[in-house]
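The values are calculated or read from the model by the stated rules, or taken from the named source; none is laboratory data. As the structure is a prediction and not an experimental result, all values here were calculated from the model. Here Cβ is always computed from backbone atoms with ideal geometry, including for glycine, and neighbour counts include all displayed protein chains. Ligands, DNA and RNA are stripped out before the accessible areas are found, and what is left, the full protein with its side chains, is counted by its heavy atoms. Shrake-Rupley method; radii C 1.70, N 1.55, O 1.52, S 1.80 Å.
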Amino acid sequence: MTATGTTTTQEVRLGGLVGRRIATLQALQVAGRSQARAVMAHLRAAINLPPGSDPAIWSVTAVYDDDRGLPDAPTPEETAVHLALCLWAIHQQSRDKPMHQAGTPFATAVAELSRRRSRDTGTDPVRHRFDAVVTSTGVSEAAHHLRGLVTQMRSGGLAFDYGALAEDLADLQRPGGRERVARRWARQYHRTTAPTDNPTSDTKEN
C-alpha cells in the first residue's frame, strides 16, 4: 500500500513492519535489556500523542525510509503503526507471555474475551466496548476503546496479531474503510462464536 494523498511510490507492508519491531523489543525484553523497558514505557505514554511527538520512539514507530513527497500531517500508515505499537506496549506490560500472536485476528481475541466475561458475570460489557470501536467516528475515538479492550485482554492473558491490527487501523482512516473493517471484524468475531451442533462442545469453527 502507499501513503494516502502523497506522491511517494514506497510500498509499506505494515503487518510485517509492526511484527518485526515487536519481535525486536520482545527479544531485548527477554534479555533483560533496560533499553526495551524504556522504549515500552515511552510507547505506553505516547498512546494519546500524535506520531512523531516523542523522539525516544522515533526509531520504533518510523514507517518510511524516504520522506520525500510525504505531507506534513501523519499519514494513515504512520498513525496506524504508532497506535498499534503503543497498544501492544500497554498489552505487554507485566506479561511474560508474548501478547503479539501472528495469525490471531483482533476480533477473534475479542470474541474469546467476551465468552469468558459473559460466563463469569452473566453480562457482556466486552461486546459493548467492541461495538464502540466499530462505530467510532475517528481513529482517536477507536484508539480510546481499543485501549480498554487491550487492558482487559492483558488481564486475561489473551494475545492477538498487532500487525493485522495496524493494517486495520490504517484502513479505518481511508474512504470506505470503516465499513470494510467492520465487515472483516464481524466475520472474524461471529465465525468464532457461531453455534455448533453440540451446544456443550468447546470446539471452535476454523
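With a requirement of 2 or more residues that are touching a Gly at 6+ places or on another chain (Cβ under 7 Å), within 18 Å of Cys86 (Cα to Cα) and not basic (Lys, Arg), the helices (runs of 4 or more DSSP H) lying completely within region 98-188 that satisfy it span 162-172.
Yes or no: region 103-117 includes at least one residue that is free of Cβ contacts under 8 Å to residues at least 12 places away in the same chain, open to solvent by 70 Å² or more (accessible area, probe 1.4 Å) and not hydrophobic (A, V, I, L, M, F, W, C). No. Condition (residue is in a helix (DSSP H, G or I), farther than 21 Å from Ala159 by Cα and modelled with pLDDT of 95 or more) applied to region 60-75: is it met by at least one residue? The answer is no, given that none of the residues of region 60-75 is in a helix (DSSP H, G or I), farther than 21 Å from Ala159 by Cα and modelled with pLDDT of 95 or more.
For region 70-93, taking the residues that are over 16 Å from the mean Cα position of the chain (by Cα) and open to solvent by 40 Å² or more (accessible area, probe 1.4 Å), the one that is nearest to Gly19 (Cα to Cα) is identified as Pro74. For region 30-52, a tally of residues being open to solvent by 60 Å² or more (accessible area, probe 1.4 Å) and part of a loop (DSSP other than H, G, I, E, B) returns 5.
Against the list (1) touching a Leu at 6+ places or on another chain (Cβ under 8 Å); (2) open to solvent by 60 Å² or more (accessible area, probe 1.4 Å); (3) under 15 Å from Trp185 (Cα atoms), the condition Arg147 fails is (3). For region 86-97, a residue qualifies if it is in a loop (DSSP other than H, G, I, E, B) and either of a type in the set (Ser, Thr, Tyr) or touching a helix residue (DSSP H, G or I) at 6+ places or on another chain (Cβ under 7 Å) (or both), and the qualifying residues are Gln93, Ser94, Arg95.
Candidates in region 166-206 are the residues that are at pLDDT 50 or above and among the basic types (Lys, Arg); of these, the one that is least open to solvent (accessible area, probe 1.4 Å) is Arg174.
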